[in-house]
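Novice: A single structure is presented below for examination.
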Amino acid sequence: MEKCIAFGARELVLAEFEQSVGRVSDRHAQRLRSTAIEACKQGERDWLPTIQSGLTLGQARRSEPFDHVAIAHRLPSSPTILEWFGSAASAARRAVVIEPEGGLSDDEVERVAEIGGRIVRLADHVLRVETPSHDGF
């Protein structure tokens, strides 16, 4: 959440995937909203991105049309996300799908490809999504 806001995301959709390990509860979504507010304050950003949760990948891709869609997936031969951003039109509406802990199913990768999605790498290694503890640990 913090990193997406730092990079200027205007909308965050927390979709549920076939192999999602956890589900976003109302309580979790509320904590993510609080995290988003704090990230906006720290980054001196004067507007909060819209945050949606509980959608499937199919619902999320139908909710808002994008000119360019990238899917961050562990495929060593794919271009980096920076290369993709450089090739996608700068004024276009872009979306990035980040796979869940359990990865994306082949069907989900195909569905993103059907709408013109391009597989990209975030890094040369697997990145973890850090979840800050609200218990002080």
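The values are calculated or read from the model by the stated rules, or taken from the named source; none is laboratory data. As the structure is a prediction and not an experimental result, all values here were calculated from the model. All Cβ positions, even for glycine, are placed from backbone atoms using ideal geometry, and neighbour counts span all protein chains on display.
Novice: In the stretch 95-110, which residues are under 24 Å from R10 (Cα atoms) and not hydrophobic (A, V, I, L, M, F, W, C)?
Specialist: Matches in the stretch 95-110: E99, P100, E101, E108.
Novice: Another question, if that's okay. Where the second residue is small (G, A, S) and crowded, with 17+ Cβ neighbours inside 10 Å and the first is without any contact (Cβ under 8 Å) to a residue 60 or more places away in the chain and lies in the stretch 106-119, which pairs have Cβ atoms under 8 Å and are six or more apart or on separate chains?
Specialist: If the second residue must be small (G, A, S) and crowded, with 17+ Cβ neighbours inside 10 Å, the pairs left are G117/A70; R118/A70; R118/S78; I119/A70; I119/S78.
Novice: Taking the condition surrounded by fewer than 12 Cβ atoms within 10 Å (Cβ to Cβ), on the phi < 0 side of the Ramachandran plot and touching a strand residue (DSSP E or B) at 6+ places or on another chain (Cβ under 9 Å), does P100 pass?
Specialist: Answer is no for this residue.
Novice: I'm trying to understand the selection: among the residues of the stretch 23-59, which are among the polar types (S, T, N, Q) and closer than 20 Å to I98 by Cβ?
Specialist: Listed by number, the residues that qualify are S25, T35, T50, Q52, S53, T56, Q59.
Novice: Can you pull out the strands (runs of 3 or more DSSP E) entirely within the stretch 1-120 that have at least 1 residues that are touching a Phe, Trp or Tyr at 6+ places or on another chain (Cβ under 7 Å) and aliphatic (A, V, I, L, M)?
Specialist: In the stretch 1-120, the matching strands (runs of 3 or more DSSP E) lie at 68-72, 94-98, 118-120.
Novice: Can you tell me which residue within the stretch 114-137, out of those that are over 16 Å from I81 (Cα atoms) and of a type in the set (A, V, I, L, M, F, W, C), is modelled with the lowest pLDDT?
Specialist: Within the stretch 114-137, the match that is modelled with the lowest pLDDT is F137.
So that you can scan it fast, the table gives a plain yes or no per residue for (1) surrounded by 14 or more Cβ atoms within 10 Å (Cβ to Cβ); (2) touching a helix residue (DSSP H, G or I) at 6+ places or on another chain (Cβ under 8 Å):
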residue	(1), (2)
L12	yes, yes
S20	yes, no
D26	no, no
R33	yes, no
P49	yes, yes
L55	yes, yes
A72	yes, yes
S87	no, no
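Novice: Follow-up. Enumerate the pairs (first residue in the stretch 31-51 and in contact (Cβ under 8 Å) with a residue 24 or more places away in the chain; second residue anywhere and part of a loop (DSSP other than H, G, I, E, B) and among the β-branched types (V, I, T)) with beta-carbon separation below 9 Å, excluding pairs fewer than 6 apart on the same chain, so at least 6 apart or on different chains.
Specialist: L32/V24
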